[in-house]
Structures are given as C-alpha cells and as structure tokens.
1. How large is the Kirkwood hydrodynamic radius of the range B:124-181, counting all unique pairs of alpha carbons, in Å?
2. How large is the Kirkwood hydrodynamic radius of the range B:126-269, in angstrom, based on all distinct alpha carbon pairs?
3. Taking every residue in B:9-18, how many Cβ atoms of other protein chains lie within 10 Å of its Cβ, on average?
4. Once the Cβ-Cβ distance between residue B:198 and residue B:144 is put in as r, and R0 is 45 Å, what FRET efficiency do you end up with, to the nearest 0.05?
5. Provide the descending list of Cα extents for the range A:63-157 along its principal axes, expressed in whole angstroms.
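Bear in mind these aren't lab numbers, they're just calculated from the coordinates by the rules spelled out. Note that the coordinates shown come from a computational prediction; the quantities given were computed from them, not determined experimentally. When we count neighbours, we look across all protein chains shown, and the Cβ atoms used for this are built from the backbone with ideal geometry, even at glycine.
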C-alpha cells in the first residue's frame, strides 16, 4: 500500500478549488454550460481516507463554493453526497480492488476513469441545477444545462489531472 | 447502554453524512425563498393532515357523546320546525305544546309480522304510552309500554298499526298500514280511486289525533296497482325510515294530548 500523497492533494486543492473560485467561475459556454472543476478535488481525494474526514472536507469545500456563489447549502449538499458515494462507486467501476490510495486518471483504466468521473459529475450537477431551479417547469432546459456542464467540467478535470498526476506503477 | 454506544459507533459515518446533509438542507431552506415558501406550505399541509387524523381518532372515542348532543339539538330544532308547519285556523290559532325527547334504540325487531323496538328513555324522561316516535327521516312507531327508564314502541313494521296520513299533492286523507311483506315498503289505504296518484308522490302524516306532528314524510309511492273498479286505490309506498339502521329516535309528546284523546272518544261514542 502506498502512503497518501499529501503534495498531490495540496496541488489538487489549489488547481481545482482556487482556480475555480477566482477564474473559472466566470466561464459560460454557449450560454448554458458552466465549468465547475472543484468537484475534481473531491473526486481525487485518496481512496480509503478516513470517512469522517472525507465528509467534512466535502462539506467545507461545498460551503466555500456556496459562499462565493451565494447559494448557501446547495454545493454543500451535493459535495457531501458525492464524497460519501465516491469510494463505493470507485470499487464498482474498477475491475480489481483498489490498492493504490491515490486516485488519478493515470491510475485507472480509461473506461474506468470515464465512468468514475462522468457519472459522479453528472449526479453532482443534476442535483445542483435542479435544486437551484426549483419546481417542475423548464425540465429540459435544466437537463440541457446539466449535460453541457457535465461534459465541459469532465473535459477540464480530465485534462488537468492528466497533467498533474504521477505516473502509476500499474493501472486498475 | 454499551450496546447503544456500539451501535452508534457502527453507524457513525452514515449518521455524520446525514447530519451534514440535513445542515445543508437547512441552509438551503433558510436562504432560498422558493424552498422557504414551499417548505412552509408543505409542512402546513402535513401538520393539518396529521392534526385531522388525530382529531378523527379523538372524535371517534367521543362519538357517543357527540351523537347524544346532536340528538338533543335535533329534538329542539324539530320542536321549532313543528311550530312552523302548523296552520293557523281562521277562527283563532291552534296551539299544540310539543316536546321532543331524543332517545336511543337499544333493541329492534324486523323479522316478525308484529315488530317492536325498545328505547332508552322511560317515565323519568317524560315518556308516556301512546306517544309518537319519529326519526330524522320519517316516523318509527308509537309508544306501547313504559317503565322508569325504558319504553317499548310498536314499530311501523307492525301489521296492526295504522297511521293517519295524507297524500301531499291532493291533501287527501289516507292511512298507512304495514302488510308484513317487506321492512322497506308499506301499504297505503283509503285513497279514493278518483284521486290521481303517481309514483314518487309523497305521503305525509296528517297531524290528526296528536300522535305525530303533521307533514312528516312517511314515504313515497313506489307502486300503484291497476284500478279494477274498487273505490280506493291499492298502492304501496317506500318507507323513508330505514329500520335496519335506526339508532336515534325522537319521542313526540303533546301537552294536551290527554284532553284531545278524551274529546275523540266522545266523538266516537
């Protein structure tokens, strides 16, 4: 088993969270697609990290986003759910049990990394946009926004992690 | 206590997750106007629904008392209504002091040709032999025997009980007497054959001999036999009183009934 790579976590924090808060939040693609890469920080938290610590981190990161976007509770709710589910989901999408504590797109096989990231991102944005929208009207517009944001955010997160991640010993 | 702590320790992760999610939801509800309003609307609806169910359960327990109160209130209203229905004669006013005593049916017969029922009021409540007994829908019978707290009533479903009545449309006097065939139907007698009868016509009490208040619906005509040259129609009516489900009745007592009965005897002699 590897030790947790704290340098990796800190770099992830600055790239995914700080970059998101001060730069990427302004980006709107085709008037509907947003980019939220802070979710990447949560998804790349080490597998097997203390669950209570993991949940707290998710909640706090969500609250930070809420503070900057003025939507108190929204990101906190979705972030907490994502970090709660991510380890279970990772075990489901990988073919062999996880041995390496550090998650990155280089540690996972391409298809596994796609399913791992995309599904959780989709769930996150589904919650965010539907709760923010409220009510039943405009379902398809909201769905379109969800899909577009998921695709753009996935692309950003995947590419950024590709540049940041260490080379793995083996892919799972 | 030990087991409880062990259980809490086992589910600590899920419990912490729930706690954080509830906190996030609380933040959303407090800061988002749409969900604030929706939450309060929904919670009011739920509160209302739960309160109604609790109230129903409590009211069910108090049903007997409520029924008793309603029966007494009905008796009062019927007394008032009977005064409204009385016609004032040209020579003067005919006043009949009438009291209505609510009572509960505690025993009922339907299967025999001479049926009776027992009510839970007797002499102490002011019931006397010969008083009329009505229900909220129609007439039920006439008091036969009375004890301190109970009374036996000759039911409308008694083949020897004849009730003075009137065909409402034509105001023709007639009688209603049960023919012991069905607890739902009774026979109409002594309507002259020249009177036009139709199915659905109302037959009401005539108010004669101070047993029943006038204009109380006994039933509606359900069948008319073809006239074969008789002087009177042969017809049946559907009784308005449901003797199967009869539970609360009202005993009608007239203040001057004894005096009226005496005068009637003198006329008959």
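1. Value: 12.7 Å, from the Cα pair sum.
2. Details: mean 1/r = 0.0633 Å⁻¹.
So the Kirkwood estimate lands at 15.8 Å.
3. Details: counts 0, 0, 0, 2, 6, 3, 0, 7, 11, 2.
Other-chain Cβ atoms within 10 Å of each residue's Cβ, averaged: 3.
4. 0.80
5. The Cα atoms of the range A:63-157 stretch 43, 26, 21 Å along their principal axes.
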